[in-house]
1. With a Förster radius of 41 Å, plug the Cβ-Cβ distance of R290 and K345 into 1/(1 + (r/R0)^6) and report the FRET value to the nearest 0.05.
2. Loop only per DSSP, at most 16 neighbouring Cβ atoms within 10 Å: give me the trypsin sites (Lys or Arg not before Pro) in segment 1-95, ordered by residue number.
3. Would segment 631-721 count as rounded, prolate or oblate if I go by the C-alpha gyration tensor, calling it rounded below 1.5 in a/c and otherwise prolate when a/b exceeds b/c, oblate otherwise?
4. Please work out whether segment 5-56 counts as rounded, prolate or oblate from its C-alpha gyration tensor, where a ≥ b ≥ c are the square roots of the eigenvalues and a/c under 1.5 means rounded, while otherwise a/b larger than b/c means prolate and anything else oblate?
5. How large is the dipole of the chain about the Cα centre if only Lys and Arg carry +1 and Asp and Glu carry -1, each at its Cβ, rounded to the nearest 20 debye?
6. Stretch A196-A95 to full length: gain in nm at 0.36 nm per residue minus the Cα-Cα span?
7. Quick one: if you stick a label point 7 Å off each Cα along the C-beta vector at R384 and R5, how many nm between them?
8. Given labels modelled 7 Å from the Cα in the Cβ direction, how far is it in nm from H488 to D188?
Amino acid sequence: MVETRTDFRVCNLCDALCGVAIQHDGRRVLSVRGDEEDPFSRGHLCPKGAALGDLLEDPDRVVAPLRREGDRWREVPWEEALDEIASRVVALQRAHGRDSVGFYYGNPTAHSLGAIFFGLLFARALGSHNLFSSNSVDSLPRLLVSSLMYGNQAVLPVPDIDRTRLFMVLGANPVVSNGSIMTAPDIDRRLKDLRARGGSLVVLDPRRGETARVADRHHFVRPGTDALLLAAMLRTLFREGLADLGRLAPHVTGWEALPALFEPFAAERVAPAVGLDAAAIAGLAREFARGGPAACHGRVGTCIQEFGALTTWLLDLLHFATGNMDREGGLLFPSPAVDLGAVAKYSGQTGSFGRFRSRVSGLPEFNSELPVAALAEELETPGRGQVRALLTHAGNPVLSLPNGRRLERALGALELLVCVDIYRNETSRLAHFILPPTLGLERDEYPVLFHAVAVRNTAHFSPALLPAPPGVRDDWRIFLDLLGRLEHHRGGLHALGAGLGLPLLKRLGPRGLLDRLLRLGPSGLTLAKLEAMPHGVDLGPLVPRAPAIFHRPGRRADLAPAVLVRDLERLRARLDAPLAEDGALQLISRRSLRSNNSWMHNSHRLVKGRERCTLLVHPDDAAARSLTQGARATVASRVGAIEVPVEVTRDIMPGVVCLPHGFGHHREGASLRVAKEHAGASINDVTDERRFDAVSGASALNGVPVTVTACEGVGKPGGLS
Ligand SMILES: Nc1nc2c(c(=O)[nH]1)N[C@H]1C(S)=C(S)[C@@H](COP(=O)(O)OP(=O)(O)OC[C@H]3O[C@@H](n4cnc5c(=O)[nH]c(N)nc54)[C@H](O)[C@@H]3O)O[C@H]1N2
Ligand SMILES: Nc1nc2c(c(=O)[nH]1)N[C@H]1C(S)=C(S)[C@@H](COP(=O)(O)OP(=O)(O)OC[C@H]3O[C@@H](n4cnc5c(=O)[nH]c(N)nc54)[C@H](O)[C@@H]3O)O[C@H]1N2
Ligand code: SF4
Ligand SMILES: [Mo]
């Protein structure tokens, strides 16, 4: 008989930090349950967590370094792959300059302690301006606004969902996402508790999604108009004498300038654009000021749109102006066991902005990275600084970034593409080398970023549980090994190792670094103490931290950063623009409980059942286009067209259509056999890289103007090109 046992870890697939009880036999996962003794997640588990074992055993997983020769893939020894990659990188940088080699890291990087520490180190050591990440299709506006207002991108306010009375959700869907920049496992229970204590949940979203369905009220708002809505709410507060900084008054600058700034945005004036009547807008403002404590949570819907930075700023201002910033039940700044704000400060990563710009379109750098809106053109446009080689880590740009088809052409033409990935997916199939890393349960993990944005202070360490396949390496090792090779090939004057202290870092590894950071943090924890607490430890509710948390002169938050104040003029001009182009609909995205961006569609248990890659269309828009339930439609934009089945529903606002992202698995050369059977079409084959937030450069993936027409006959999967 095989001996089995149960161990406790944290699921690292999304931001929610669910504790999991894993039954295993020392080699394989036998079952996954939610860990009832986890003080934070209290037994919660979503369908993806239950599929953790599927990832480890996926027969399509890459388990040895692969080298592509034409259409064929050959397993090669690590030393051969690393050596050749490093020598080609060094040769390219010698011949064409440091910028000729780029780096892109994707979302799971943030879920790997080793990749956070060592991937960023690697990126810096490349010495290239061409660093990109999924941040610029995600939280870039949020990080930028924190650096502008609080002097540090790592100072992030989080809704105190467990004590608020009014929880407003604007452009997020936590019931599905389980919270983001609001780590909140078991969100359903938290929302039930909110209502049980007499509080209310109000959702403002162009779609009546899963969170809206459990809300007290849901209002449709037109995509990309949140800044108008918030500006009108702020004007109401100032005009009606409801704006009051309270305790924070001595700790801010720029307050006096604010009332005049919002004068052009009367509720009556913005109402037609927002799609919400003026009385409702003013009512929301009053409710927020009087019905508190109140917290408004904006996320992907408010970030990846044309006014991402402006909207994020106005959201924070709404809390300052109603006394809900840094207040119990409002927004609070977590006190994580690893003090991320301090780490950012001492490692020089508080968030630089605009120190340099992208070569072709002049998009601004943030924290040494350029927005992905500039990626394709930086790969394609000849001249000094053109990216000739790209390394990706835990990303799938072909499916995740705007205008995926252009990107796939550009990636396919690179002199060198290296992907550190567990799969030969839609992006890595184009690579010259795939370097396979371990997965979460095979390496030591501590969710350093997500503890820092959690609705409660907790700490939970997950030591490696199961042995990894012999041919894979921990991601941090891959980065350090590559750095070592680069150093070897650069030689002499260009030696990196001494400056970076490579030998010391190698000895410490992520565990050693974590232990040191815990010891420097406020909780008195050490790695050894954490290891003795397999269910994690509760460090208590969030507490007010201002002004000590502000990393600015005099510890004062800047309520009126010049670059954001200037952008109000662009918002004002939006008021005079037509609501929509003739006949165009606005395309937005959605997530599903059973998928994780582009990469969990190869688990049978997650993809089985009805087709999920459908276009949501309001009955009026469907009728006007002769679209019927289940029929196929063509969705076309400036950049391309796809074909998808139609789902007619009143859950979407008239004038808006909605698709999930992360599909489009029909592409030749990827090895994901299950995903291929549920290929769907990629929304990012129609999103437009030229649409971005003018301030931050973050892509505007939401609100894309598209035309939708009925297809004739049966289309091929994934649609047109
Ligand atoms: N239209 C539209 N597009 C979107 C969004 C949207 O809402 N709408 N959302 C955006 C957002 S928020 C994000 S974060 C991005 C995500 O964009 P990306 O991060 O580029 O894409 P993912 O789908 O998360 O790809 C993750 C890749 O990492 C691999 N992987 C998984 N675990 C590991 C690991 O431990 N190590 C390594 N090395 N690789 C691993 C997977 O196989 C997969 O290939 O997509 C964005 N794109
Ligand atoms: N199950 C699951 N969970 C996930 C992920 C996943 O893929 N699947 N991905 C993870 C990642 S990487 C992230 S970043 C988080 C994202 O977490 P969330 O932001 O909570 O999730 P989304 O589903 O993207 O929610 C965005 C909402 O904004 C709405 N929206 C779109 N455009 C606009 C607009 O212009 N204005 C307003 N007000 N609303 C708009 C959409 O209808 C949608 O309801 O989720 C994480 N969790
Ligand atoms: S909600 Fe996120 S952390 Fe929790 S089980 Fe699901 S994927 Fe894992
Ligand atoms: Mo994300």
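1. Working: r = 37 Å, r/R0 = 0.91.
In this case the efficiency is close to 0.65.
2. Working: sites: R5, R9, R27, R28, R33, R42, K48, R61, R67, R68, R72, R74, R88, R94; in loops: R27, R28, R42, R61.
Listed in order of number, the matching sites are R27, R28, R42.
3. Values: a/c = 1.84, a/b = 1.22, b/c = 1.51.
Note, shape of segment 631-721 comes out oblate.
4. On the way: a/c = 2.18, a/b = 1.34, b/c = 1.62.
Oblate is the answer for segment 5-56, as a/c is 1.5 or above yet b/c matches or exceeds a/b.
5. It works out to roughly 500 debye.
6. Working: separation 101, 0.36 × 101 = 36.36 nm, distance 6.60 nm.
Going from the current span to full extension adds 29.8 nm.
7. Result: 6.1 nm between the two label points.
8. Placing both labels 7 Å along Cα→Cβ, they lie 5.3 nm apart.
All of the numbers you see were taken from the coordinates with simple rules; none came from a lab. The model shown is predicted, which means the values in this text are computed figures rather than measured ones. Methodologically, a virtual Cβ is constructed for each residue, glycine included, from the backbone with ideal geometry; neighbour enumeration extends over all protein chains shown.
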